[in-house]
Amino acid sequence: MANYDTLITNGTVVDGTRDNPRFRADIGIKDGKVAMISRSNIDPSEADEVLDATGQIVAPGFVDLHTHYDAQIQWDPYCTLSGWHGVTSLVLGNCGFGFAPVAPENRDRAMLSMSRVEAIPFDSMKEGMLWDWITFPEWLDSLERMPKGINVISYVPIGPLMIWVMGLDAAKSREPTAEELAEMCRLMEKGLDAGACGWSVQRLGDGFTSVQRDYDGSPMVTDCMSDETCFAFGEVLRKRGGGHIQITQAKDDFIEDLKFVKELGKRSESAILFNVVFCNDYHPKQHKRLLKWADECQEEGIKIFLQGATAANDLTYTFVDFNLLDGQKDWLYVTLGDVEERMAKMQEPAAREGLRNDYDHGRMPVACGPIKEFIILETVNEENKKWEGLNLEQLGEAQGKHPIDAFLDLVISEKLQTTIYTPPFNTDFDGNKEIFESEYVVPGVSDGGAHTKYVTLGAFTTDFIADFVRDQDLMSLEEAHYRMSGLPAQMAGFKDRGTIEEGRPADLVVYDLEALKATESEVAHDFPANEWRRIRKAEGYRWILVNGEVTFKDGECTGATPGTLLRGGTAA
């Protein structure tokens, strides 16, 4: 019998600890774990399979802390895009959103919520979801049974828990009673006992920050919860002495938001992953305040970490189903409803006046950048081809109309099928460098599984290594792999992942640094109900291994599903 199932030879190892400079080594894998790391050559005859990694980087698989694959994992075991881009472990249930606990009679409403707030196609969920669970522990049991090409763990999402106990309307309109709050805390305990890594919540205001709303345009349940209710959930973690919190907080008062999150960290005595810090080219001081705040919190012993957006924040979409303008009340109004309803609203004089007023006063949607810079990327009708490539300001000048009127007349004439592009506005090199010089920033915010028709942020791992590290030399490769594997594994409570060490699971990526890149965006009709999404695949990954098995070889899926549910941070 061979000493090793698989032997990776002649690779340059970057181990994810950042303590060790890269080194040449052979890695022997046995029973899904790293059995030997040798700086001397291991005899190939000692292994059943040999992977020659000459000229390749061998690094720990990436850990993705911010995803919404809760639905997609049920029909896509590899959680692509993430699985294509070297992610070997990820966390579900972010932002307080999820599908457990959900009573059977409320399943459609839960899916409708996710079809708006995270823009997951409803028909795909309706056809592709298993729904063989009701409670949160049963959801984890279902996850465990599913074939997985990736390791997963989940937060207890606060939204479904509040709806289960209080009902949807009550959860949005009043405080829980003492009995209801006690029951929610009890159910959270049950979820944590079953293996959740902590809990998650979105708390957005009802103003310009609320870009993620419910199906009817109202705030999400968690947007309506009080500080005291949130503190009560934090107390659960303090009493347990474990778990962490993922929070998206922006309730229209920046200073008060930071005070609240700091107090939550103090009361919960838990690590908090705060979403999100990014370089905003239009507000260059925005990220500086967050970095300073995180430093101050850590100095006081309050474990605040920032999730750093690394991928370009450009968007490609049509107004058939776009929702990321929801923070602007006038845009929210005209983008609710089906295509016919949206088109009718866009023609209402009062709605037009409101949108023109927003434009004239330069009101910038949080997720999209200045409206005047929206670009007509692709038109449907031949007579409109001449407008392709123009931004709204140029479109208005060319047609002799107010830009909003020119824009809406165009998209209405094409039944909202016109493809729009919003350029990225997080491109400043110095700003990005400042963000990732902070000890407390975790790269990410892939939003994997969400907004599938608008963004391809699941490629952030490849972009980070190729763009920030190789091309821009923003940080060392050793630091990058620590930030993308070792640090997020610690944050998520993965007890034996994120670094290459003997005895640990063999979650590995083997790649050609010079060849590494994400491909251009394309449309794929690969969701249930023949729904489509935008994708970017990867080039340069020679092998991706999960628990010692190759899931992708040169970008091609092997069909292996060695992933596992990491209850409490471990597969044991």
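Rule-based calculations on the coordinates, nothing more; no lab input. All values derive from a computational prediction rather than experimental measurement. Cβ coordinates were reconstructed from backbone atoms using ideal geometry, including for glycine residues, and neighbour counts include every protein chain displayed.
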Practice task
Work out, step by step, the length gained on full extension between Ile134 and Tyr421: first 0.36 nm times the residue separation, then minus their alpha carbon distance; give nm to one decimal.
Solution key: 99.3 nm
Practice task
Treating cross-link reach as a plain straight distance, find the lysines whose alpha-carbon is under 30 Å from the alpha-carbon of Lys345, omitting any fewer than eight places away in the same chain.
Solution key: Lys126, Lys172, Lys251, Lys329, Lys372, Lys385, Lys386, Lys401, Lys415, Lys453
Exercise for the section: Show which lysines lie in cross-link reach of Lys495 when reach means a straight Cα distance below 17 angstrom and same-chain residues fewer than eight apart are skipped. Expected result: Lys33
Problem - Listed residue (Gly301, Thr461, Thr561) projecting farthest to the positive dipole end of the chain, Cβ model - result: Gly301
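At 0.36 nm per residue, minus the direct Cα-Cα distance, what do Lys288 and Asp252 gain on full extension? Give it in nm, one decimal, please.
Computed gain between Lys288 and Asp252 is 11.1 nm.
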Problem - Label zone at Asn384 (point 7 Å along Cα-to-Cβ), backbone N below 15 Å, segment 326-369 - result: 339-340, 342-344, 346-347
Exercise for the section: With +1 on each Lys and Arg Cβ and -1 on each Asp and Glu Cβ, and nothing else charged, work out how big the dipole of segment 316-422 is about its Cα centre, in Debye to the nearest 20. Expected result: 180 debye
Exercise for the section: With both partners inside the chain, how many of the DSSP beta bridges are antiparallel, as a percent to the nearest 5? Expected result: 50 percent
Problem - Cross-link reach list, aspartates and glutamates versus Lys537, counting only Cα pairs under 12 Å and skipping chain neighbours closer than eight places - result: Asp463, Glu520, Glu522, Asp554, Glu556
Completion exercise
Within the chain, excluding any trypsin sites (Lys or Arg not before Pro) found in a DSSP loop (not H, G, I, E or B) and having at most 10 other Cβ atoms within 10 Å, the longest uninterrupted segment runs 286-572
Exercise for the section: Whole Å is fine, so just give me how far the alpha carbon centre of segment 231-275 lies from that of segment 174-221. Expected result: 13 Å
Problem - (i) 43; (ii) 48; (iii) 34, with the label sought being that of the calculated percent of Cα pairs over 36 Å apart - result: (iii)
Problem - Value of relative contact order over segment 316-422, rounded to a whole percent, pairs C-alpha under 8 Å and six or more apart - result: 32 percent
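Given only helices, namely DSSP H runs of n ≥ 4 each adding -39500 (n - 2.57), what is the per-residue ellipticity at 222 nm of the chain, to the nearest 500 deg cm²/dmol?
When only DSSP H runs of four or more count, the value is -9000 deg cm²/dmol.
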Exercise for the section: Please work out the C-alpha center-to-center distance from segment 435-453 to segment 326-360 and express it in whole Å. Expected result: 31 Å
Problem - Label-to-label distance, nm, for residues given as Glu340 and Arg356 (7 Å Cα→Cβ offset) - result: 2.9 nm
Practice task
Determine the relative contact order of the chain: mean sequence separation of Cα pairs under 8 Å and six or more apart, normalised by residue count, in whole percent.
Solution key: 21 percent
